[in-house]
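Down below is the structure, laid out as structure tokens.
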Amino acid sequence: MLVFITFTPNRRPCGKENVMSPVLNHSPVDKKPLHFNSTIPVSGARTMQLSVRWLALCPLGAWSGQIRPSLLSPVTRVLCPSTRTLFSETGVWEKDYRTETRRRVEEWWHPRIMKESRKDALQMGSNKKKFYVLSMFPYPSGRLHMGHVRVYTISDTIGHFQRMRGHQLQSQEKISLHRDEMQQETFYRIRVKVLNPMGWDAFGLPAENAAIERGLDPEEWTKSNIELMRQQLDRLGLCFNWDREVTTCLPDYYRWTQYLFIKLFEAGLAYQKEAVVNWDPIDQTVLADEQVDENGRSWRSGALVEQRLLTQWFIKTTNYAKPLLDALADLPEWYGVKAMQANWIGECTGCYFDFKLKILQHPVFLLQILYQIHKNLQFVVRIQQVNGEETGETLSAYCSYPEMVFGAAYLAILPSHRLLHGSTSVRSTLEKAFQPGRDSLTKVSARNLFTGHEVPVVISHKEAFDGYLDTVIGIPDCTEEDLSVARALNLRWTKVLNNNEDGIQTLINSEEFSGLTREQAFDSITQKAREQEVGGHLTSSKLRDWLISRQRYWGTPIPVVHCGSCGTVAVPEEELPVVLPKLPSLTGKGASPLETAHNWVNCKCPRCKGPAKRETDTMDTFVDSAWYYLRYTDPHNLVRPFQRHLADHWLPVDVYIGGKEHAVMHLYYARFLCHFCKDQGLVAHREPFSKLLVNGLIKGQTFKLADTGQYLKIEEIDFTDKEPVALGGGRIEVTWEKMSKSKYNGLDPQEVVQQYGVDTVRLYILYAAPPEQDILWNVKTDALPGVLRWQSRLWQLVTKLRGARQLGDIPNSSLLKEKELAETRKIWENKNYAIQEVTSYFTEDFLFNAAISRLMGLTNTLNSATVKVLQHSVEFEEALAALVRMTAPMAPHLASELWAGLCQVKNPLSPLLRKGGDVMQQSWPAVDPEYLQVPDTVELSILINNKACGTVTVPLQLSKDRAQVQQLILESPLGQKLLGDRSIKRVILSPRTALINFLIDE
């Protein structure tokens, strides 16, 4: 074994005496014991740090007992002969950026970057300037996929950028503070805070199904998966605010989910009713309509969905349809998703009115004739019921023309309506009257709680109404169809619309609303109905209330009890959370598993203290994720979901990042709950997300047999010919599809990172496509080789600068000649242009691929610089420093090492490099003020028949006026020489660049 010593220079404060580290000598050949030489004093600004490197593997136990491990452990490394040094560790700069160098860089900087991130998190304060970047939290399946990596790389990049940009903003402000440098530094470093939290959408069917298959407890399964995924996220170098972690399956979280449910229940927005629901026969649970695809199959299991009638819990989101639709106008940066949300909600031109049902004892109606003088004598027929039996049933019916509700003739239901199929008191009466294929008049009447009028219930001959409606109000004055039904059934109705001579329609026979125009009556009637809480909330015919009941175990328990005396009663707030009980086993079949937890189900009524039973359905996981962005603002609060002042400080989320598949349902529910919290006085902001970044998928190449559609593994395919064929025979279809294990096209992020490195994967994901587009992963032909080459070129730039400064000359810009000065001017301009463009890409449209392209352009400019410019130009230094800082949010490990190398370059000219520090704590580069000054003139390139012929300087204010520019050029010496005697056919002045093209006869 051979041991040798390297001495590493480390920068120290000037003026202090330094010492040489102990020198270790050992020769296994002569078996001499290890010993230390005496320390050697060294003067100057540096010390030499010991670095012991091994050239043969040796177990630590083979060392002589004379050596104390505690003394050696900080500096001892067991390495193979090919191991290269790392500058931050040894002070020796490696010339090339090789695979081993990359690995060492990431190993060294990963814990340091994470530590600095945690330190920043501890300095959070509500009085600081904020930026809230949020990526949609994952379901803890146990393994990350490349889609996760893409989402979280984007959020992490934005988070790093905003921290650096915050430093920049404050460093500009500090000029006016008139404090000493240390105070200014401390001030701006803790002033601007970025919130980039992470948590777990931990309830749901997958965990329960996995637990059933493996005979495990869903809670233990979920917690172990969370731990695995946290480790995976940490290995990716993602700087989340882990001190704000939330997990939806823990009681300290779902306690407040239950609290918000009770608030909805108390506001009349959470209710229970019988409904025909979508039943997944495989997962044995109810699905919302949104969870059934266009082929009638479950979004998760793929099973053909069945229709069942069950008593379910709903949240009345339709009451917020119009406010949610209108609020989209205040979200200009929701690009594309606004249209999806608006289409989901639909046009909110009608509303629901509430009715009470009666069963008529005698099918006789008294016709009460009222007379009213209104220009002419009119007959008004109002139907009043002679007698009837109250059923206790309340029914909401949709009215397309709310202003004409006093003219209703009947209430129509579909043959598939729950009243005809459920356990209701009117079912038998309706069944007796039902005649398939015909409009059937029944002995059930409905009293409108707003108008007080009673109308008969009619079973429609239709199989469906508009949208998802199953109950509508028939008003003959509104449509020919309603008029036809009323006449066919010999019904009477009240005329409520009068056409005036001036063409304006006004209401009659509508009580206090008579005399109003239709527009006025529309607003007045719906407003009063809302005030009386009997309807009036504008919504569309296509939107239905949110079905949240799930007949499964692993979800948030619904916090209500059912009492024989008191009915449905909410659990008091002080008794929350209603904790999910432990069950000995799960089958996933039949009714809700919680029904078997008898000790849990049987309880006392909170109101009368009599015997009661708990609700055994659990909530849809969309309820858990509808408010998690609020909990992040105050995750450890034990007395309320969150403090209002903290939520108000952080909301709205500045950038919300997630997949396209959540652009409708999740966003709609999250927006609804934030609107509700605003009305409850819990928050000040109505909309939760300011800017939305919906990213595309990462797709892998898939191979399947054309005949059967069977997916094939790579090893099952013969690629020797131009077209791939199956080894077993058969034509193959090659497509790009979302990565999946079952399609054999997936990638394990850990394997990819192991092969290419964290920074390479991050840069690839950002460079391969704009965030909203899909990435087709193909490492042979796409962006990955370009990203690898760019990292090497960045490393070479630092190597070249360090090498140039070692040549001996003290940097002196006066030594630069005219050609080199022009070169530095070009570098300066390209630097400022890159800063301007990249900052715009990071803040406006998140085109990280374009940002990387611009940085590659700046890299090329710097790479072409001459040695003399490297030796004596501050412009090169500052441009390279800006390049490294702009790379840092995307490739933090590489940028950190590059910055360390820059800051210890010999004889630095830039004050920024002399200052030092880690790159992640530097300010984002700013455009030099001189660059932003608008010049008085523009140098215009002249083309003749698309060939460059020279340039002419023209006044800036005339540079966009084609006629004046043409005249100035023709009057110039160059124009007279080139165009004086030519016939000009056409002149084209570019609107984007300083260029004019003369098309002439040859």
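The values are calculated or read from the model by the stated rules, or taken from the named source; none is laboratory data. Since the model is a prediction, treat every value here as computed from it, not as a measurement. FYI the Cβ positions are ideal-geometry reconstructions off the backbone, even for glycines, and counts take in every protein chain you see. SASA here: full protein model, heavy atoms, side chains in, ligands and nucleic acids out. Shrake-Rupley method; radii C 1.70, N 1.55, O 1.52, S 1.80 Å.
Equivalent ellipsoid of the stretch 777-932: semi-axes from √(5λ) of the C-alpha gyration tensor, largest first, are 25, 17, 16 Å. Which whole-number percent of Cα pairs in the stretch 642-711 have a distance greater than 14 Å? Counting every Cα pair in the stretch 642-711, those more than 14 Å apart make up 69 percent.
Accessible surface computed residue by residue for the stretch 777-932, with neighbouring protein chains in place and a 1.4 Å probe, gives 38 Å² per residue. Taking other residues whose beta carbon is less than 13 angstrom from the beta carbon of residue 723, and scoring Lys, Arg as +1 and Asp, Glu as -1, yields -1.
Straight-line reach from residue 613: taking Cα to Cα under 26 Å and skipping same-chain neighbours fewer than 8 places apart, the lysines in range are 263, 273, 316, 582, 589, 604.
Say the cut-off is 27 Å between C-alpha atoms; which of 115/678; 947/977; 193/338; 119/338; 699/722; 95/906 go over it?
Exceeds cut-off: 115/678; 193/338; 119/338.
Separation of the stretch 401-461 from the stretch 856-904 is 76 Å, based on Cα centroids.
Please work out whether the stretch 432-483 counts as rounded, prolate or oblate from its C-alpha gyration tensor, where a ≥ b ≥ c are the square roots of the eigenvalues and a/c under 1.5 means rounded, while otherwise a/b larger than b/c means prolate and anything else oblate? Note, shape of the stretch 432-483 comes out oblate.
Just the number, please: carbon plus sulfur as a percent of the accessible area of the stretch 698-738, 1.4 Å probe, no ligands or DNA/RNA counted. Carbon plus sulfur share of accessible area: 48 percent.
Plainly put, the stretch 937-1000 has a radius of gyration that is 0.91 times its Kirkwood radius, both from alpha-carbon atoms, as the Rg/Rh ratio.
Rounded to a whole number, what % of the accessible area of the stretch 473-565 do carbon and sulfur atoms account for, probe 1.4 Å?
Of all accessible area on the stretch 473-565, carbon and sulfur atoms account for 41 percent.
A simple count of charges around residue 1000, restricted to other residues whose Cβ falls under 13 Å of its Cβ and scoring Lys, Arg +1 and Asp, Glu -1, yields +1.
Legend: residues 298, 853, 840, sorted from most to least accessible area (1.4 Å probe; ligands, DNA and RNA excluded), read 853, 840, 298. Binning all Cα-Cα separations of the stretch 742-796 at 5 Å, short to long from zero, yields these whole-percent fractions: 4, 18, 26, 27, 16, 6, 2, 1, 0.
Evaluated at q = 0.19, 0.21, 0.27, 0.33 Å⁻¹, the base-10 log of the normalised Debye intensity for the stretch 698-738, with identical point scatterers placed on the Cα atoms, takes the values -0.49, -0.59, -0.93, -1.24. In the stretch 777-932, the portion of solvent-accessible area held by carbon and sulfur atoms comes to 51 percent [1.4 Å probe, whole percent, DNA, RNA and ligands not counted]. Peptides 543-550, 832-839, ordered by how many other C-beta atoms sit within 10 Å of their residues on average, highest first, read 543-550, 832-839. The solvent-accessible area of residue 137, taken with every protein chain present and a 1.4 Å probe, is close to 20 Å². Can you flag which of 129/915; 130/826; 542/741 are past 30 Å Cα-Cα? Where the Cα-Cα span goes over 30 Å, the pairs concerned are 130/826; 542/741.
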